[in-house]
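Single-structure report; data block below.
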Amino acid sequence: MRKLFFKILYFTFLHKLFFIINKKKLATLMFHRINPDMDHLWPSMSPATFEKLIKLFLKNAEIVSINKIYKENFIKNNKFILTFDDGYKDFLIYAFPIIKKYNLEVNLNICPKLVSNSSIPWTQKINLLMNKDNKKLRNLLEKFSIKYNNHNFNSKKFNFICNEIHNLDSEGYKNFIYNLDKIPLNTKNILLAWNEIIYCSKNRIIIGNHSNSHLNINKLNNKELDFEIYKSKKYIKNVIEKDVYIFSIPNGKINKKSLNYISESHKIILFSDENNNLVIHKKNYIGLNRINISIDDPYEEFFRAFGFHLYLKRYLKFFLFQKEQ
């Protein structure tokens, strides 16, 4: 029913009206996995859906390179920037051929320590361990007083556990990640290898920095921030032999201290804050707030991409607030 609803919205041309109201809008989209295999905790988009979505964008707007935001007054009509986080191998297998087919230039953000160690972000590791109902993970969560129910796993419980970990104090958070990393898990061939990243870089994929190891940078001291922000940028730059000027904030967590670190060394910062402007112009950087795209339905994600969901959410909040008054 939900899929039918958004398809009807599209073929009744509601999006045309929305584009007229919101013309000259630049939206930056955030993808993670393009893969035909579904994961109920960590949603991926099928290659067929991704290609259909690309076609919808190109038919109704324009897909531009993230490099274009340096050019003033280039937004003459609605445009989208495509970004991918984490650097999963399925990017090269499934997304890259479609990107190449339509002659697009997109941004891919990676964590050098994870690439070098053939590891994965800690959130994804929890996902895989939850699916396996891993006893060591259960014990670790109990140790940190995080409620764990090994029945009826779903995305809501997964997000709850991740948020509880984020809510630990700095030492508790780092201690949890340290112990999580000691739980054995085969993570080879999940992320791209360096030679594959170099290949992408040589083929119109703009490589960005996603921190050294995908930690919540708000929890880190100055020395740790240096590794996660400066050293990671330098490492990627040395490998791909190109400047690295994009920083994608891991976990979407940012405070003033870490933002200052990032803005000193990166020209474009990718946020995930639906309560802020889509484009933020600062003296020493440009901030782009991204819209997360992951549901395997091209019509719904097409509407999400130009802000329909956020507009509806804000309208309903305003309506309910007025009703309460």
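Identify all residues within the stretch 156-204 that are over 27 Å from Asn107 (Cβ atoms), open to solvent by 50 Å² or more (accessible area, probe 1.4 Å) and touching a Ser or Thr at 6+ places or on another chain (Cβ under 9 Å); write none if there are none.
Residues satisfying the conditions are Glu164, Asp181.
Identify, by number, the condition in (1) closer than 25 Å to Leu270 by Cβ; (2) touching a helix residue (DSSP H, G or I) at 6+ places or on another chain (Cβ under 6 Å) that Asn163 doesn't meet.
(2)
For (1) charged (D, E, K, R); (2) in contact with a helix residue (DSSP H, G or I) (Cβ under 7 Å, 6 or more places away or on another chain), each residue gets a yes or a no:
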{"site": "Lys79", "(1), (2)": "yes, no"}
{"site": "Phe84", "(1), (2)": "no, yes"}
{"site": "Gly87", "(1), (2)": "no, yes"}
{"site": "Phe91", "(1), (2)": "no, no"}
{"site": "Tyr102", "(1), (2)": "no, yes"}
{"site": "Glu105", "(1), (2)": "yes, no"}
{"site": "Leu108", "(1), (2)": "no, yes"}
{"site": "Val115", "(1), (2)": "no, yes"}
{"site": "Gln124", "(1), (2)": "no, no"}
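What are the pairs, 6+ residues apart or on separate chains, where a residue within the stretch 85-109 that is within 19 Å of Val64 (Cβ to Cβ) has its Cβ under 7 Å from a residue that is of a type in the set (D, E, K, R) and surrounded by fewer than 21 Cβ atoms within 10 Å (Cβ to Cβ)?
Filtered contacts from the stretch 85-109: Ile98/Glu51; Glu105/Arg204.
Output the residue which, of all residues in the stretch 221-238 that are touching a helix residue (DSSP H, G or I) at 6+ places or on another chain (Cβ under 6 Å) and not polar (S, T, N, Q), is surrounded by the fewest Cβ atoms within 10 Å (Cβ to Cβ).
Step one: of the stretch 221-238, the residues touching a helix residue (DSSP H, G or I) at 6+ places or on another chain (Cβ under 6 Å) are 225, 228-229, 232, 235-236.
Okay, now just the ones that are also not polar (S, T, N, Q), so 225, 228-229, 235-236.
Numbers: Leu225: 22, Glu228: 26, Ile229: 23, Tyr235: 18, Ile236: 25.
Here the answer is Tyr235.
If you check every pair at least six apart or on different chains, which have Cβ atoms under 7 Å apart with a residue in the stretch 44-62 that is more than 9 Å from Pro298 (Cα to Cα) first and a residue that is among the aliphatic types (A, V, I, L, M) and in a helix (DSSP H, G or I) second?
So the pair list comes out as Pro47/Ile98.
Residues to consider are Lys68, Lys16, Lys52; find the one that is part of a helix (DSSP H, G or I) and modelled with pLDDT of 85 or more.
Lys52
For the stretch 296-317, how many residues meet the condition of being open to solvent by 20 Å² or more (accessible area, probe 1.4 Å), modelled with pLDDT under 90 and within 18 Å of the chain's Cα centre (by Cα)?
Of the residues in the stretch 296-317, 2 are open to solvent by 20 Å² or more (accessible area, probe 1.4 Å), modelled with pLDDT under 90 and within 18 Å of the chain's Cα centre (by Cα).
The values are calculated or read from the model by the stated rules, or taken from the named source; none is laboratory data. Note that the structure is predicted; figures quoted are calculated from it, not measured. Note that we place each Cβ from the backbone using ideal geometry, even for glycine, and neighbour counts take in every protein chain shown. Ligands, DNA and RNA are excluded from the accessible area calculation, which covers all protein heavy atoms including side chains. Shrake-Rupley method; radii C 1.70, N 1.55, O 1.52, S 1.80 Å.
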